[in-house]
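Visitor: After the structure tokens below, expect a handful of questions from me.
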There are 2 protein chains.
Amino acid sequence: MTAPVHDVVAIGNAIVDILAQAEDSFIEEIGVAKGSMQLMFSPEEADALYARMGPGREVSGGSAANTVAGIAALGGRCAFIGQVADDQLGQVFAHDLRATGVDFATEVRAGQPTTARCLIFVTPDGQRTMNTFLGASQFLPEKALDRDLIAGGAILYLEGYLWDPEEPRQAMRAAIEIARNAQRKVAFTLSDVFCISRHGDDFRKLIAEGLVDILFANENELLALAELDDCEDAIAKIAAQVPVLVVTRSEKGAVAISNGERATVPAEPIDKVVDTTGAGDLFAAGFLHGQAQGWSLEKSLKLGAVCAAEIISHYGARPEVDLKALAAKLG
Amino acid sequence: MTAPVHDVVAIGNAIVDILAQAEDSFIEEIGVAKGSMQLMFSPEEADALYARMGPGREVSGGSAANTVAGIAALGGRCAFIGQVADDQLGQVFAHDLRATGVDFATEVRAGQPTTARCLIFVTPDGQRTMNTFLGASQFLPEKALDRDLIAGGAILYLEGYLWDPEEPRQAMRAAIEIARNAQRKVAFTLSDVFCISRHGDDFRKLIAEGLVDILFANENELLALAELDDCEDAIAKIAAQVPVLVVTRSEKGAVAISNGERATVPAEPIDKVVDTTGAGDLFAAGFLHGQAQGWSLEKSLKLGAVCAAEIISHYGARPEVDLKALAAKLG
């Protein structure tokens, strides 16, 4: 095994987020489960919802892309593979990712559909409810994979969200094989509880086959994956199947289990939760960067908590303050 | 004179802002005067600067558009005339303006160039330095003017920035005539000190011809317009030529002079200046809305100061909190 070129190579949806404030009553009106991600299947559906949305702000997003942007901001070496279209939002996405220092060379896709957009409604409690039009992102083909890039990453990081569209799902399976053959680790985030209801069997199979080395889940996702009602039971069940399990628990902090060792961290105190978009993504960034530095489980969790606290203190899922400086405070 | 349909009808550049943090050294490197607006004349120039920019966030902008967005957020009835292209940034601009309640019906312009972008570098002191690619915005034709719309607005509001490109300059001259013939008021903002070095003679002529009823300027712009070194001298000189003069003085507050009456207001205290983009635009929004309500000069200034304080407390020049609620606190 040669020395890795990148700490993390991620494959994910290439999305620009459009964030606007909304009342709880609006979330009920549009019939979406608050806090979840719902797919929009046509540009018309996306346009119709956009027309009902308040004034927005656009910030590059995409779960795994947010994570590698966070790791790059922390000083890690990252690459991203994801599909944008040849349009202005695609340019914005590519610019922002490269500007954070992430290598991103997936060829743009000509013609329709457009680059993926996620309409994110942020309620007064800071919770985000997401409506995604996957656009070009759902057509990431297996041939877009740079085999050397994947083989040269210490960790291949994959998002559950990308399991929805067929082409990227095939690409991710191929990527796992490439990473495995190169003796690299595979990290996976379960993304969303509804994503598990759609693809839970696939996810459970991946885990059972020993293809996931580091698994990220929030409490609800873990329960859905484990098909259990009790969080501790679920932790015990899933931790037995993966070398590293990280469970985020919102304001209750997070827990990581690895080889029988268990570490916990409280949530970082913050003044006000402005927008929870990207909290899990940045938690993963901090944790993975800590692990890449050879830090303990506990210190890695702590960095995850610090990064998550930064991201929820403002709109959008890309860091606005110097994460390196925050990490340096951890010693 | 029939009752006005809109409180304010504005003509301005239709721009999407791309905001990123930058160090002071970067502003020096790119050779732009800090705090000013510089035009970029080609897409290539814009792309080259964008490539050097950090990760951004996109928020609809445009000086006069920000002002009517602010007035609409305060509950005023506004319309906007400005040129976007048939592209994603044009859709973003139109969406955001309409979503604040501003009537915006200017037909999109097919083909190149793209919708205007403004690359805004925000330094650690919160100061913004702007680099604008006017794109489609510079091709607003006189025929895009809706004569009835302009004749039905109590105030026609124009931005000095739009004096740069030739077609909109002609359109604005025509709009002034329409407004005058309908016995409406004309409000004008000087926009930028370099804008005055380019078009000061035109601006002075407009004022001398009695075509400006309400003039907005910051201190530097006022000095440049008056061709004087002393602020009080400049106020005296220009106040004699316009029915209402409003001078914003950053942290020193603002002053308004009308028919020999002089009112002043201190700057609103805020915790931290995050980004000054739109401070003048939102000051104008508050002042004009106050005037439309029949408020005193002083109370109108106060609302201007409150709106400006809101806008500089976050990134972007569109309000993020309920301005109506802020206005209500003024009683």
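Visitor: Pick from A:230, A:17, A:146: which residue has the top mean-square fluctuation in a GNM of chain A where Cα pairs under 10 Å get a spring?
Guide: Of the options given, A:230 has the highest mean-square fluctuation.
Visitor: Calculate the tail of P(r) for chain B: the fraction of all Cα-Cα distances greater than 33 Å, expressed in %.
Guide: The answer is 18 percent, as a whole percent.
Visitor: Send over the per residue convex hull volume for segment A:200-331, Cα only, as a whole number of Å³.
Guide: Each residue corresponds to 108 Å³ of Cα convex hull volume.
Visitor: Here is a further query. Defining the label point at 7 Å along Cα→Cβ, can you sort the distances from residue A:241 to the same site in each other copy, shortest first, in nm?
Guide: For residue A:241, the inter-copy label distances come out at 7.8 nm.
Visitor: Just to verify a number: FRET efficiency for residue B:298 and residue B:325, C-beta to C-beta distance, R0 = 25 Å, to 0.05?
Guide: 0.75
Visitor: Now a separate question. So what's the protein assembly as shown giving for Rg/Rh, alpha carbon basis, Kirkwood Rh from the mean inverse pair distance?
Guide: Using Cα coordinates only, the ratio equals 1.02.
Visitor: When all alpha-carbon pairs of segment A:59-190 are counted, what percent fall beyond 26 Å?
Guide: Summing the P(r) of segment A:59-190 above 26 Å gives 19 percent of all pairs.
Visitor: Using just the helices of chain A, give the 222 nm mean residue ellipticity in deg cm²/dmol: DSSP H runs with n ≥ 4 each add -39,500 (n - 2.57), and the total is spread over all residues, rounded to 500.
Guide: Computed mean residue ellipticity for chain A: -11500 deg cm²/dmol.
Visitor: With the crude spin-label approximation of a point 7 Å out along Cα→Cβ, what separation in nm comes out for residue A:230 versus residue B:204?
Guide: Those two pseudo-labels are separated by 8.5 nm.
Visitor: Moving on to the next point. Starting from the Cα of residue B:174, step 7 Å along the direction of its Cβ; do the same at residue B:143; then give the gap between the two resulting points in nm.
Guide: The modelled label-to-label distance comes out at 0.9 nm.
Visitor: If you take every DSSP beta bridge whose two residues both sit in the protein assembly as shown, what share of them, in percent to the nearest 5, is antiparallel?
Guide: 35 percent
Visitor: Right, next: Along the charge dipole of segment A:138-232, pointing to its positive end and built from +1/-1 on Cβ of Lys, Arg, Asp and Glu, which listed residue (A:197, A:228, A:187) has its Cα farthest out?
Guide: The residue sitting farthest along the positive end of the dipole is A:187.
Visitor: Past the 31 Å Cα-Cα mark, which pairs from A:143/A:237; B:237/B:329; A:34/A:143; A:143/A:299; A:34/A:252; B:143/B:329?
Guide: Among A:143/A:237; B:237/B:329; A:34/A:143; A:143/A:299; A:34/A:252; B:143/B:329, the Cα-Cα distance tops 31 Å for A:143/A:237; B:237/B:329; A:34/A:143; A:143/A:299; B:143/B:329.
Visitor: Here is a further query. For residue B:108, place a label point 7 Å from Cα along the Cα-to-Cβ direction in every copy; what are the distances to the other copies, in nm, shortest first?
Guide: Label-point distances to the other copies, shortest first: 1.7 nm.
Visitor: Moving to a separate point now. Quote the charge dipole size of the protein assembly as shown about the Cα centre in Debye, to the nearest 20; the model charges only the Cβ of Lys and Arg (+1) and of Asp and Glu (-1).
Guide: Dipole size: approximately 280 debye.
Visitor: Could you tell me which of A:84, A:65, A:106 has its Cα farthest along the dipole of segment A:35-126 towards the positive end, charges placed at Cβ (Lys, Arg +1; Asp, Glu -1), taken about the Cα centre?
Guide: Among A:84, A:65, A:106, the one farthest towards the positive end of the dipole of segment A:35-126 is A:65.
Visitor: Longest span of chain A, sites excluded, free of GluC sites (Glu not before Pro) in DSSP loop with at most 15 other C-beta atoms within 10 Å?
Guide: Maximal segment without exposed cleavage sites: A:228-331.
Visitor: Starting from a label point 7 Å past Cα on the Cβ side, list the distances from residue B:44 to the same position in the other copies, nm, shortest first.
Guide: Here the equivalent label points are 4.3 nm apart from this one.
Visitor: Kindly state, to the nearest 0.05, the FRET efficiency for residue B:36 paired with residue A:5, given R0 = 60 Å and r defined as their beta-carbon distance.
Guide: FRET efficiency, residue B:36 to residue A:5: 0.90.
Visitor: Something else now. Give me the distance between the Cα centres of segment A:263-283 and segment A:1-52, rounded to whole Å.
Guide: The two parts, judged by their Cα centres, are 19 Å apart.
Visitor: Once R0 is set to 30 Å, what does the formula 1/(1 + (r/R0)^6) return for the Cβ-Cβ distance between residue A:262 and residue A:194, expressed as a FRET efficiency to the nearest 0.05?
Guide: 0.55
Visitor: Taking the Cβ of residue B:117 as the center, what net charge do the other residues with Cβ under 9 Å away carry, scoring Lys and Arg +1 and Asp and Glu -1?
Guide: Surrounding charge for residue B:117 is -2.
Visitor: Going through segment B:248-313, which trypsin sites (Lys or Arg not before Pro) have at most 14 other Cβ atoms within 10 Å and a DSSP loop state?
Guide: B:272
Visitor: Residues in segment A:81-125 near a label at residue B:29, defined as backbone nitrogen under 19 Å from the 7 Å Cα→Cβ point?
Guide: Residues A:95-103 fall inside that zone.
Visitor: Residue B:44 to residue B:105: extension gain in nm, 0.36 nm per residue of separation minus the Cα-Cα distance?
Guide: 19.0 nm
Here, each number is a calculation from the coordinates, and none is a lab measurement. What you see is a predicted model; the values in this text were computed from it and never measured. Positions of Cβ are generated from backbone atoms using ideal geometry, with glycine treated the same way; all protein chains shown enter the neighbour counts.
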